[in-house]
Amino acid sequence: MTPEETEKLENAVATGMPQAVEELKRLVAIPSVAFPGHPEEPVLAAAALTEELLRSTGLPHVRQIPIEGSYPAIFAEAPAPPGAPTVLLYAHYDVQPPGDPALWRTPPFEPTLRDGELYGRGAADDKSGVLAHVLALRAFEGRFPVGIKVIIEGQEEYAGERLEEFVEKHPDLVRADAIVVADVGNPAVGDPAVTTSLRGLAAFTVEVRTLREAVHSGQFGGAAPDALATLIRMLSALHDENGDVQVPGLPRGVFLGEAPAEETFREFAGVLDGVALPGSGSVADRVWASYSITVTGLDVPTVREAVNAVHAVARARVTVRVPPGGDPVTAGDDVVEHLQRAAPWGAQVSVTDRVHGTGFLSDTGGRARAALNAAMTRAFGREPRDIGSGGSIPLVATLVRQFPAAEILLFGAEDDGSAVHAPNERLNVEELRRVATAEALFLAGYGTA
């Protein structure tokens, strides 16, 4: 690329930013929670808006693809110029549930721009990925230097494997030489990074039953087995006193790259003063290279609805993060068996709604990665570094299996302070511009490399 071509792309992205921010607000305002029990209409509305946005980029072919048992994916493509490679762009339009509205400083689905940051559920994860792709593609005014394929998923957050099954049945639809996954981010705003490892995932719901029905805690408490107390004892058996996972078969790992400083991690995680970080090893060892187990939900009466009763049944949703190379099915089995062994008083334990996703470890060389390094260096003013992620993106492992020769590149507009999956999620707007600029420069550079 000539300096003039580079500057033209940078200016095109910058000029398109005001429109893109307004479009991101429209998308964030849609409560597209694809979890069971939430309404379908907002998810389908987000799909329709995503389709509209992709049509605005100049891609000649855009359509919704039905995904069995899930919400539609939005697919778009443009053929590659003669001799040019093809790039697949991925993101997702569904979001996590907002949680307790009282914990949000602004309503989760009323996007609010404040001091250069856009607040709202999904502003970062992962509707920023959708808009990063849209911004980058618009910069080419319909004349793309590489073949383009785009697939935007509609149920990534619920940890299902529905799109993965679709890709396995229709690999040619998404076949590409390089794959950009815009569902991660940088350690901090302005600190460019490429994510080279992801943890896998195993999740399930565990139910404990001890009585036919709840009974009076005064009349029966002390001898009647409490299902909630039983479940608490079982869950507490998952970690030792230091906070390390103590399930047999789930050892601690070591991350060989640069680890974030503990002080930085504490700040971004919002750890309160005087509260220690659980577990052993560096922060990177714990969140990028080791197993972790989190109780993400409990089905028991709330404090407000509490009655003086011994509970007959209690449920918990348990999520296991699995380091790259680990088997999520085996890890989930190990945790389930550990919980069953820890159940006191002969309580009845059942497990349902199991889902799995495999981790990812990438190569750091290749033509596409070299083009991305150059693009991010230009957009951010410094070279990107390799980092890991404790999160999981189920589709990535499927893409690795289906297309072993493709280079998979993970970067995006989120950062560790974006509060994804938490109250007060936010996106730094300038980071969106830098990432979209980097993506546009990557597509141009990769096409001419």
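Things to note:
- When Glu213 is tested against (1) touching a helix residue (DSSP H, G or I) at 6+ places or on another chain (Cβ under 9 Å); (2) assigned to a loop (DSSP other than H, G, I, E, B); (3) surrounded by fewer than 20 Cβ atoms within 10 Å (Cβ to Cβ), just one condition goes unmet, and that condition is (1).
- Residues located in the range 372-409, provided they are among the aliphatic types (A, V, I, L, M), buried (at least 18 other Cβ atoms within 10 Å of the Cβ) and modelled with pLDDT under 95: Ile387, Ile393, Leu395, Val396, Ala397, Leu399
- The combined condition, being of a type outside the set (Val, Ile, Thr), farther than 30 Å from Arg317 by Cα, surrounded by 15 or more Cβ atoms within 10 Å (Cβ to Cβ) and touching a helix residue (DSSP H, G or I) at 6+ places or on another chain (Cβ under 7 Å), is not fulfilled by Leu27.
- Residues considered: Arg382, Arg401. Of these, the only one that is on the phi < 0 side of the Ramachandran plot and in a helix (DSSP H, G or I) is Arg401.
- Single unsatisfied condition, Phe166 versus (1) in a loop (DSSP other than H, G, I, E, B); (2) not assigned by TED's automatic domain parsing to the domain that holds Val351: (1)
- Qualifying residues in the range 40-75 (those that are part of a helix (DSSP H, G or I) and in contact with a helix residue (DSSP H, G or I) (Cβ under 8 Å, 6 or more places away or on another chain)) - the one nearest to Arg121 (Cα to Cα): Ala46
- Of the residues examined, Thr364 is one that is closer than 28 Å to Val283 by Cβ, of a type in the set (Ser, Thr, Tyr) and in the same structural domain as Asn428 (by TED's automatic domain parsing).
- Top-ranked residue in the range 220-235 [being assigned to a loop (DSSP other than H, G, I, E, B) and in contact (Cβ under 8 Å) with a residue 24 or more places away in the chain; ranked as surrounded by the fewest Cβ atoms within 10 Å (Cβ to Cβ)]: Pro225
- Options Leu137, Leu118, Leu131, Leu201: the member that is at pLDDT 95 or above and either in contact with a Phe, Trp or Tyr (Cβ under 7 Å, 6 or more places away or on another chain) or not in a helix (DSSP H, G or I) (or both): Leu118
The values are calculated or read from the model by the stated rules, or taken from the named source; none is laboratory data. Predicted, not measured: the structure shown is a model, and the values here were computed from it. Cβ coordinates were reconstructed from backbone atoms using ideal geometry, including for glycine residues, and neighbour counts include every protein chain displayed.
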